[in-house]
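Please find one structure pasted underneath; my questions will follow.
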Amino acid sequence: MAKGDFVGEFELYVMLALTHQGDDAYGVTIRREIEARTGRTVAIGAVYATLARLGEKGLVRFRVSDPQPVQGGRARKYFSLTAAGARALRHSTAMLARMMAGLSPDLRGRS
Amino acid sequence: MSKPGAPSLPPLAQALVRMLTAPENRAFLAADLAEEFDELAATVGTAAARRWYWKQACLSAPPLVRQRITTLITSRMMSAAPDRRTGRTFMGLITDLQYAWRMSRRAPVVTISVTLAIALGIAASTAIFSVMEGVFLRPLPFPAPERLVRFSTTVANVGRAPEVNYLDAQDWKASSTHLESIGLYDVAPGTVRVQEDAPPFSATLMLATEEVIPVLGIQPQIGRALQPEEYRFGAAPAVMLGYTFWKSHFAGDPSAVGRTLQVGAVRHTIVGVLPPEADRFPAGGADVWTALTFPPSSFLNQRGSIALSAIGRLRGGAMMSAARTEISTIASRLAVTYPDTNRDRSILLDGLQDAMVGPIKPVMVLLALSVAMLLAVACANIANLLLAQAHARTLEFGIRGAVGASPRRLARQLWTESLAIFAVAGAIGIALAQPLALWLVSRYPDTLPLAADVTLDGRVLAIAAACTLGAALLTGFPRTRRLRDTQLGADLRGDARSGLTMGHRRMTRVFVAAQVSLSIVLLFGGILLLRTFLNLTSTKPGFDPESVITIRASVPPVPHGEPAQVVALQDRLRDAAASLPGVTAAAHAMFIPFTAGSWGDGYRRTGTADAVPRGPMAHFFMVSPEYLEVMRIPVLRGRRLSASDRTGAPPVLMVSETFAKTAFPGEDAVGRRIEWNDGTWEIVGVVGDIRHAALSDPFDADVYVSRRQVVRDNTWLLLKTDRPAAAVLAELQERTKSIDADIALTDTATMEARLAESAAPQRFRAIVTGTLAGLALLLAIVGLHGVVSYTVTQRTREIGVRLALGQQPAAVLRVVLLETLRNVSTGAVPGILCSVYAGRWLSSVVMVNADQTAALSSVVAIFVAAALAAAAGPAWRASRVDPIVALRTP
């Protein structure tokens, strides 16, 4: 737990993506959500590695769906934040907001 | 996974991703990738989708790998369930090894020298052990080898001979109930010719009675064995080929059976080829096996001769001890029946393998002990080095302990470091062992019996591994004990830098003492053997070996030949040799010094009651008149042998100084007569003494007789020339062809080479033990230097205080040097005591002709000098310590 109560940048992205996707958060949608919003190429391996880490910290849980109702349909692993995860996310974003408060717009990244 | 008919995923990338993903996510991650791939393939095309998939796979690899490693480590830290144990210790090992690697890179010289020293010790031990295992421990490759025995004869007041009497053996065979059979044999050099027009070359002949092959329990691999009638005197000559000989001279061609092989001058029919295991008997193997036959008139057929080797096979269930008793009983019966010859004879039985390898056992034990001692010195050295290193790392361990590392965890770290070094060293050592063993066998001065068996097998490797592990444990323990003694708090406060603990110092001293005493013993042995060798080679043989080339001329026996014909042939050979360019003199002789073969015989001084053969003995040398001149043996009194001393002329001989002194004390031997060889001989001259078998031998009573008065076939040519032996031999070969095409010139060597050869065992022992002793001394010096300089560094502050208080630098120098000498003397006392015993043991097993006290004093002198040299640098540094700097340094 190198970062203590704080979560890493990419961890934050993944948790935010989970929140955005709600019930439909699984590998593909999470990856696309981050890719679309950040404009960076996101590797599926990085997403899963981060989810595993968050899972170990107790911030994320998952459920496995039934196979999709199509021929050769696959089962999906849907992720969601735990209560602790939601708390950690709130805490992190609040800290971020506090840290950014009073900064000029260019430093806040809004060009 | 994709739907049938849909574009397929790139298999390699798919495999990569599956391999790297944690099992619990594997299926889902793959499914996600496949889902997106299918969408992409449908929209932008298969090729683009594949490119995307590859990109995903490559970018996913690093985070996935990182995640799996982290999982492993965290699961270990969280003291996870037992089923994770393997992964946990494995990761721990990896971390420890990484740490060990970083530590060793910080002190590369230490690491490399430690590794090399251990590798060398292990290589040497493994090599010696593999030789010993092959030679002593592995049974002979014959059926029921434990039932094979070998006979030898002891004659009271004369000594033990590895041979027996032929007629005695027949009697044993007839009466023994414990022995299945007894075979007799003689191994002799001979010349053979594979094809009519090919030049003859020398080969080892095994002349055996018909029982030898059944006793060994072997069958020819190809063809047949000799039939019983072929073992009879006068039968059609036939041979069996040794396996290696057949492979090398007949290219392993089965059609060799039925062809002829010329042995000496006689054409023999090849009837069979023996299996490879037959090459292991006798020691060194034989090339050609043929029947041992001799005419009834032969000396072999007389009770007096002890000239044939004998092996036997015990009946199944018979005990060796019972067979011994039985043979002794028969022997004492024979002593009663034939008192003249058998009265003083007793017969010994040994296991065949023991008899074959027994003679080399002491040398092997000597080598093994030396190597073990070197390994021990290396271990003690390394233990000290590691101890010092552990001490230097007190602070490091103090910190690690303070932040929560358990003593067990730290001990494991140290063990990992030790074992890693030893694993590398062991691997290097084992890799070097095989070539070293082969080198040892090839350099061994005599034929090493059963050397064909020297290989690195499982047993040897197990021993090598055990050696390595043992050394690792031996050197690792003091260090971890040191760790246990560590008081973490004290270490952190900096006490670690102020000095060594008592326990540490004591341990260091013990290791230094161990190194010193072992090195002293090794060095003593090395010096003793080296001096022995030097004394030996500086011994004057009594003749001048310089520029003398010796060549054996195998002359086909002239059937019922007139002595005059034999003499004429020998003289023509001599003349041919003398006429070669660059040859200043040439002679021929029946036997030459420092070469197998001599004629020892009894004689009677005319007019005395000397009993033959129990009276005076002498060595009789049949030589051509030029012999004394070629060998530069000085004539002291009387005249030389001359060309006119021939058959029909009055029998004359020359005797050596020792002969003259012992046979005719206080008188002039010239003019006296002796009875020998059915004649009365007049002594016409006295010559200087020579040594003829070994440089260490005392002078014997020698007699020189003209070959024209005692005619024998056996011929050695001696040529005085400065030209190289090979060139002279080639020219001589050309000339002898015109004399007789069947003459084979073999065994060419300079007399100097024969002398050197005779000292080869001493040389070998001196080189091997000398090298080991040198290495041990070097290790001891390095170890001592390390310890002294480390102690000085540790005591810098104390020395600074002493200097600040006014002590003279010279006094500091003296203190350090004295302390070093005290360290050395602790080990020197047991070392010297052990050396005394080692010296006694050494002279009981191998030849030692050096002054032991002188050797011991020189060892002590060398050690004092070495210790002072090792301590000089650190002591000088200590005396130059700047008190201000020393006191300011924390």
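Points 7 angstrom from Cα along the Cβ direction at B:Arg160 and B:Ala15: gap in nanometres?
6.9 nm
Taking chain A as the reference, fit the longest principal axis to its C-alpha atoms, fit the long axis of helix A:44-57 to the helix C-alpha atoms, and give the angle between the two in degrees, 0 to 90, nearest 10.
Taking Cα atoms only, the helix is inclined about 80 degrees.
Then there is this: Under 25 Å Cα-Cα from A:Lys77, which lysines qualify once same-chain neighbours fewer than 8 residues away are excluded?
Of all the lysines, those that pass the test against A:Lys77 - Cα under 25 Å, at least 8 places apart if same chain - are A:Lys57, B:Lys3, B:Lys55.
Now for a different question. For chain B, what is the mean residue ellipticity at 222 nm derived from helices alone (per DSSP H run of n ≥ 4: -39500 (n - 2.57); sum divided by total residues; nearest 500 deg cm²/dmol)?
So the calculated ellipticity at 222 nm is -18000 deg cm²/dmol.
Right, here's the next one. Using θ = phi - 60° and the Karplus relation 6.51 cos²θ - 1.76 cosθ + 1.60, list the HN-Hα couplings for the range B:199-212 in order, rounded to whole Hz, with x at every Gly or Pro.
Once rounded to whole Hz, the list reads x, x, 9, 7, 8, 8, 9, 10, 9, 10, 7, 5, 7, 4.
Sort B:Asp32, B:Asp279, B:Asp610 so the one with the fewest other Cβ atoms within 10 Å of its own Cβ comes first.
Lowest to highest Cβ neighbour count: B:Asp610, B:Asp279, B:Asp32.
Just tell me which lysines come within less than 23 Å, Cα to Cα, of B:Lys247; anything on the same chain fewer than 8 places away is out.
Partners within reach: none.
Hey, what do the phi angles of the range B:571-588 turn into as Karplus ³J(HN,Hα) couplings, whole Hz, using 6.51/-1.76/1.60 and θ = phi - 60°, x for Gly and Pro?
Coupling constants for the range B:571-588: 5, 5, 4, 4, 4, 4, 5, 5, 8, 5, x, x, 8, 8, 7, 8, 8, 9 Hz.
Per the Cauchy relation, a quarter of the hull surface: what is the mean projected area of the convex hull of the alpha carbons in the range B:174-234, in nm²?
6.1 nm²
Quick one: Kirkwood hydrodynamic radius for chain A, alpha-carbon pairs, angstrom, one decimal?
When all Cα pairs of chain A are included, the Kirkwood radius is 15.2 Å.
Taking the alpha-carbon distance from B:Lys540 and a cut-off under 20 Å, which aspartates and glutamates remain once sequence neighbours fewer than 8 residues away in the same chain are dropped?
Straight-distance partners of B:Lys540: B:Glu629, B:Glu657, B:Asp689, B:Asp697, B:Asp700, B:Asp702, B:Glu752, B:Glu757, B:Asp851.
Based only on other Cβ atoms within 10 Å, what is the fewest-to-most ordering of B:Ile306, B:Ile739?
B:Ile739, B:Ile306
With a cut-off of at most 16 other beta carbons within 10 Å, and DSSP calling the residue loop, which trypsin sites (Lys or Arg not before Pro) in the range B:231-295 qualify? Please list them.
Sites meeting the loop and neighbour criteria: B:Arg232, B:Arg259.
Moving on to the next point. Starting from the Cα-Cα distance between B:Asp851 and B:Arg723, subtract it from 0.36 nm times their residue separation and give me the gain in nm to one decimal.
42.1 nm
If you average 1/r across every pair of different Cα atoms in the protein assembly as shown and take the reciprocal, what Kirkwood value do you get, in Å?
37.1 Å
Another question, if that's okay. Neighbour counts of other C-beta atoms within 10 Å: give me B:Val363, B:Val192 arranged from fewest to most.
Lowest to highest Cβ neighbour count: B:Val363, B:Val192.
Before anything else, pin down the relative contact order of chain B: Cα pairs under 8 Å, at least 6 apart, normalised by residue count, whole percent.
14 percent
Computed from the coordinates by the stated procedures, all read-outs in this text should not be read as laboratory data. Everything numeric here is computed off the predicted structure, so don't read it as measured data. So basically every Cβ, Gly included, is an ideal-geometry build from the backbone, and we count neighbours across all protein chains shown.
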